[in-house]
Amino acid sequence: MNTETRLGFFAGLGAFFIWGSLPLYIRLMQHIGAADLLAHRVVWSIPTALMFIAIAANWRDVRTALKWDKLKWLLISGALIGSNWGCYIWAVNAGRTMEASLGYYINPLVNVIFGMIFFSERLRPAQWGAVSIAAIGVAIMTVAFGQVPWVALFLCVTFACYSLIRKQVAIDSRAGFLMEVLLLAPVALAWLAWLSRQPDAQVFGNGGWDVALLMAAGPITSVPLILFALSARRLKLSTIGMMQYIGPTLQFLIAVLVFREPFGWTHAAAFGFIWTALAIFTADSVMGDAKARRLARAARVS
């Protein structure tokens, strides 16, 4: 593992551990409306991103991000991640953290499909099997919830599309993130301005600790995204997909053990199919990577 790959690995590890613990923060701020908390996440991410850029002294990348060929894609990625944040906050406060975790369990398999569509990556038979088994799990979850698990599917697709764009846009992760939140900022500030004019408005919650916790939404939001973007540029899509199991596993455990969300036999069956699919996919990926390394060594020797 070279230096760049090692940096990508540890950056990804940090990102997914923070994301996995995020439901605890959101539930702590449950008395703040989902749209209000989303607006604060956007606004307070700006100074955090600026601080990271100042420390690295990479203002040149910010100027590069302002070029239209980059900016147009960052506008799309910003809209995707903003909608993803909003849906996730709502889901946690609505007692649907488990369904949200399902979305992030499915996400690695969607990354594989995207790799096939956009990067001409061929799926091996075991990978096709994993995707099919995961589809059965989603179908069972549809029965368990009594409806299509739209929260899981929305989170999964928006984040997969976000990952795809950030992998393709050749821009520093910090500069790219700054542009994303700056593009979202006008909407966020307009929402907070509207909120401040409402009767009994509490833009900063109950004051005191709420002010500090809302300001903390900046680093809580920006640090894992910047770390993720660092890893996305340095690791293969399949490697990122395997690492993404960390986040939903933590979310799932928090949903069941801390939030005490219902978990019956139907849920167990659905997650069993998803976990089986991920186990097959992981084993196949590990064996495939090992085979590729052996072939590469043999080619060098010959």
Checking Q30 against (1) assigned to a loop (DSSP other than H, G, I, E, B); (2) within 16 Å of L230 (Cα to Cα), only one condition comes out false. Which one?
(2)
Members of the stretch 48-70 found to be assigned to a helix (DSSP H, G or I) and either surrounded by 14 or more Cβ atoms within 10 Å (Cβ to Cβ) or of a type in the set (D, E) (or both), listed by number:
T48, A49, L50, M51, F52, I53, D61, V62, T64, A65, D69, K70
Please work out which residue is nearest to the chain's Cα centre (by Cα), limiting yourself to the stretch 188-204 and to residues that are within 14 Å of L38 (Cβ to Cβ) and surrounded by 14 or more Cβ atoms within 10 Å (Cβ to Cβ).
A188
Considering only the stretch 27-55, how many residues are farther than 24 Å from G176 by Cα and touching a Gly at 6+ places or on another chain (Cβ under 6 Å)?
1
Any hit, the stretch 119-136, residues being within 21 Å of A34 (Cβ to Cβ), surrounded by fewer than 18 Cβ atoms within 10 Å (Cβ to Cβ) and free of Cβ contacts under 8 Å to residues at least 40 places away in the same chain
no
Looking at (1) over 30 Å from E121 (Cβ atoms); (2) under 24 Å from the mean Cα position of the chain (by Cα), which is the only condition T239 fails?
(1)
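None of the figures in this text is laboratory data; all of them are computed from the coordinates on show. The structure presented is a predicted model; accordingly, all values stated were derived computationally and were not measured. Glycine also receives a Cβ, built like all others from the backbone with ideal geometry; neighbour counts cover every protein chain displayed.
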